[in-house]
Amino acid sequence: MTDYVLPPPPVASVAIAGESARFPVRRIFCVGRNYAAHAREMGKDPDREPPFFFTKPADAIVDDGAAIPYPPETANLHHEIELVVAIGAGGADIAPARALDHVWGYGAGVDLTRRDLQNAAKDLGRPWDWGKAFDRSAPCGPLRRARDIGHPSSGRIWLAVNGAVRQEGDLAELIWPVADVIAIASRSMELKPGDLIFTGTPAGVGALARGDRVEGAIQGVGGISFEIA
Ligand code: MN
């Protein structure tokens, strides 16, 4: 047994629908601008440029139904609903045709973003971490196993705030589908079991305020809900 000078941190994890066991989270990778309409609303050309990635810490994950405190140092907290891919089998240089074999399951997550800090970082050529990788920035609904639901390539994805739909799209609109995202990510990073990939958000991102109730879902995958406390 290794001795540690401090108690080791708990394993970050996310719930699994209908099971008491939890999915251990190793890393969180996120794809930027993977729906054309969202790329346009962010002022970018949605041409099929290679996907780019950023990360959040594993313990940014928050279970469904949480009350998430409004984060510090921002006046523009945005919601981004996304299909979350849970990696069950790791690998490097994964071929697109084999990529889905590495998927354990899927969930609906929200890439919470301090948009003002992200935009300031963009303007200054600085890293995005303070805008994207803050505490409790990755609420994620219960995962479902690919062996039960298959590998969704189409289906409505939406998010509502206080009952009003803000974001709406379809998984079929992903510029880079899940298999391509896995293949491309695995060229730069050896994927490991427990990694999550947030695959990008459809158009309609917007600001959240204290007291807002956020609810979203992906057809055939599941839902996510939380409140900004
Ligand atoms: Mn995002």
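The values are calculated or read from the model by the stated rules, or taken from the named source; none is laboratory data. Small disclaimer: the values here were computed from a predicted structure and weren't measured. So basically every Cβ, Gly included, is an ideal-geometry build from the backbone, and we count neighbours across all protein chains shown. When the accessible area is computed, the model is the full protein with side chains, heavy atoms only, and any ligands, DNA or RNA have been set aside. Shrake-Rupley method; radii C 1.70, N 1.55, O 1.52, S 1.80 Å.
Note on the chain: with neighbouring protein chains present and a 1.4 Å probe, carbon and sulfur make up 51 percent of its accessible heavy-atom surface.
Put simply, when 96-102, 83-89 are sorted by average Cβ atoms within 10 angstrom per residue, most first, you get 83-89, 96-102. Per residue, the chain exposes an accessible area of 47 Å² to a 1.4 Å probe, with every protein chain left in place. In percent, rounded to a whole number, the relative contact order of region 29-133 is 25, using alpha-carbon pairs under 8 Å and six or more apart. Converting phi to 3J(HN,Hα) with the Karplus coefficients 6.51, -1.76 and 1.60 and the offset θ = phi - 60°, region 169-184 yields x, 9, 4, 5, 8, 4, 5, 10, x, 3, 4, 5, 4, 4, 4, 5 Hz in sequence order, with x at every glycine or proline. For the chain, relative contact order (Cα pairs under 8 Å, six or more residues apart, normalised by length) works out to 31 percent.
When you count the other C-beta atoms within 10 angstrom of each residue and take the mean per peptide, 105-113, 17-25, 141-149 line up highest first as 105-113, 141-149, 17-25.
Which shape class applies to the chain: rounded if a/c is under 1.5, otherwise prolate when a/b exceeds b/c and oblate if not, where a ≥ b ≥ c are the square roots of the Cα gyration tensor eigenvalues? Verdict is rounded for the chain. Quick check: from the Cα gyration tensor, does region 1-127 come out rounded (a/c under 1.5), prolate or oblate? It is oblate, given that a/c is not under 1.5 and a/b is not larger than b/c.
From the square roots a ≥ b ≥ c of the eigenvalues of the alpha-carbon gyration tensor of region 117-200, which class results: rounded (a/c under 1.5), prolate (a/b over b/c), or oblate? Oblate shape, in that a/c is at least 1.5 and b/c is the bigger or equal ratio.
Positive contributions from Lys and Arg (+1) and negative ones from Asp and Glu (-1), summed over other residues with Cβ under 12 Å from the Cβ of Glu215, come out at -1. Normalised by the number of residues in region 107-181, the mean separation of alpha-carbon contacts (under 8 Å, six or more apart) gives a relative contact order of 25 percent. Relative protection proxy for 156-166, 196-206, from highest mean packing down: 196-206, 156-166 (other beta-carbon atoms within 10 angstrom).
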